[in-house]
Amino acid sequence: MTVKKSVLMMAAVALMPSAGWAFTPQELSERTIERRAVEAVIWGIPAVNYDLMLQESLTRTKAKVNEIVYWSKPLDWHNQTLTPNPDAIYVMAFTDTKKGPVVIEVPPADDSGSINGNIVNVWQMALEDTGPSGADQGKGGKYLVLPPDYSGTIPEGYIPLQSDTFGGYALLRSNLASHSDADVAKSVRYAKRLKVYPLSEAEKPPQTVFTDAEGVIFDSTIRYDASFYASLDRIIQTEPWLTRDRVMIGQLKSLGIEKGKPFSPAPAVTRLLEAGAKEGHAWLEEKYDTGLIPFYENSKWNYAANPELVKSAQAAYGGPDAYPVDLRGVAYSYAFVGLKRLGTGQFYLISIKDKDGHDFDGSKTYRLTVPANVPVQQYWSLTAYDRQTHALIRNVDRASRSSQIAELQKNADGTVDIFVGPKAPDGKDGNWMPTDPKRTFEVMFRLYAPTKALFDKTWVLPDIVHVHE
């Protein structure tokens, strides 16, 4: 064989498809759909998270958009949103600006109450915060949510919020002085001073409609199955494409999601979507389990949201060299709402493992010793959530312990021991949070109106320890 022929044969062999990537056209198509289905989960989860809450509001309650759904008591397990706060009165207003701007009127903070609120778009990007830590600084204000590309006149006396989506919502927490019946009723009365109405009717606003969701199974936990893409399709059909997301137009089209066309995947495609949703879920869970950033050095207490994500989101994802879609996907797999000024009105710490690095087991008992002089101007709380769903643990009669609880026992040095487990230690019922012994859990420590000692870390929250019975 001549040298020339030998070289040609080697070149031909090098160009032949290897067994590792010699896929049939059908296999290539299927792999593409499943791969893109995974990416759609990671990219689309903030909007799907929003859509699931909206659908629960519209189908489980009598509330409509541009009205208010609220919970007349502190949240319990019936509210299956992601890591909610059971130590405030929850108020939500889902807004739709397709017919024009919508006003969210927040009352001034006074002796009768105050609001700690956040207004976001469909992608749960913060438009503004409300209340003492928000744009109105506790003086009350008329927040004006504007539709995309709004060019109309903005009347004086309003706080304009330019949104790039038609939909959105406000999460408005009416603060509690305590969990007593009297203070709960007072907080609800204050919450009912909130108003939502179209700007077009501002001269004579209609009475705001309030719908009580207390006791309703309100389940917006993420469904990692084909229904995820049905939620995503609702967003695509009703909202404009954002410039930064236009790369997803063709990606979603290959999954059967296309603006102006019905989403009706064939059974074979549905199976691939199911697989993609499950793989997306596994990816998000792995990143959540291994990717949280400790707040203190060598601590099991972590930032609730990656600082890189917070920085980018607060800049409306406008940075030329950053769009942390992966970090955003992880965050909205276990939480909802966006904050414009994280650390002013509230701050959160998450722990998913005990001091020894083990997952929290609902069949075991744990103790958190909260040091004295917690750096807050309002209150602190500890809440337990189901590790798999990131919602309140089902069928338990209390979800948290907080400094608002009258029966909370303090130690002689001002510290407080909180116990988490299947049953209360003797004499410690007031300081105990129940768990489901058949499931794992996670915890969140909230600090409302935090002060400097938290951020300069002169006050340190210790890790949670397993109590060996």
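The values are calculated or read from the model by the stated rules, or taken from the named source; none is laboratory data. The model shown is predicted, which means the values in this text are computed figures rather than measured ones. Using ideal geometry, Cβ is built from the backbone for each residue, glycine included, and neighbour counts are taken over all protein chains shown. Protein only, heavy atoms only, side chains kept; ligands, DNA and RNA dropped before computing areas. Shrake-Rupley method; radii C 1.70, N 1.55, O 1.52, S 1.80 Å.
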| Complete set of residues in the stretch 317-334 that are surrounded by fewer than 22 Cβ atoms within 10 Å (Cβ to Cβ), modelled with pLDDT of 95 or more and either part of a loop (DSSP other than H, G, I, E, B) or charged (D, E, K, R) (or both) | 323, 324, 326
| message | Residue under question is residue 250, and the condition is that it be loosely packed, with under 15 Cβ neighbours inside 10 Å and small (Gly, Ala, Ser); does it hold? | response | yes
| request: Give the residues of the stretch 440-460 that are closer than 12 Å to residue 352 by Cβ and among the polar types (S, T, N, Q), sorted by residue number. | output: 440
| task | Considering only the stretch 125-157, state which residues are farther than 23 Å from residue 203 by Cα and either under 21 Å from the mean Cα position of the chain (by Cα) or buried (at least 22 other Cβ atoms within 10 Å of the Cβ) (or both). | result | 125, 126, 127, 128, 129, 131, 133, 134
| message | For residue 180, only one of the following conditions fails: (1) touching a strand residue (DSSP E or B) at 6+ places or on another chain (Cβ under 7 Å); (2) more than 30 Å from residue 254 (Cα to Cα); (3) not basic (Lys, Arg). What is its number? | response | (1)
| said: Within the stretch 258-283, take every residue that is surrounded by 16 or more Cβ atoms within 10 Å (Cβ to Cβ) and free of Cβ contacts under 8 Å to residues at least 40 places away in the same chain and give me the one that is farthest from residue 241 (Cα to Cα). | reply: 265
| Identity of the residue in the stretch 411-453, over 16 Å from residue 368 (Cβ atoms) and among the aliphatic types (A, V, I, L, M), that ends up most open to solvent (accessible area, probe 1.4 Å) | 412
| note | In the set 122, 216, the lone residue that is surrounded by fewer than 19 Cβ atoms within 10 Å (Cβ to Cβ) and more than 18 Å from residue 341 (Cα to Cα) is 216
| query | Do we find a residue being open to solvent by 60 Å² or more (accessible area, probe 1.4 Å), outside any helix (DSSP H, G or I) and not hydroxyl-bearing (Ser, Thr, Tyr) anywhere in the stretch 284-293? | reply | yes
| said: Being closer than 21 Å to residue 306 by Cα, under 27 Å from the mean Cα position of the chain (by Cα), in contact (Cβ under 8 Å) with a residue 60 or more places away in the chain and surrounded by 20 or more Cβ atoms within 10 Å (Cβ to Cβ) is true for just one of 383, 389. Which residue is that? | reply: 383
| field | Options 197, 190; residue that is touching a Pro at 6+ places or on another chain (Cβ under 6 Å), open to solvent by less than 40 Å² (accessible area, probe 1.4 Å) and among the aromatic types (Phe, Trp, Tyr) | value | 197
| said: Among the residues that make up the stretch 210-219, is at least one of them in contact with a strand residue (DSSP E or B) (Cβ under 6 Å, 6 or more places away or on another chain) and closer than 30 Å to residue 155 by Cβ? | reply: yes
| query | Could you count how many residues in the stretch 20-70 are open to solvent by less than 10 Å² (accessible area, probe 1.4 Å), of a type outside the set (A, V, I, L, M) and in a loop (DSSP other than H, G, I, E, B)? | reply | 0
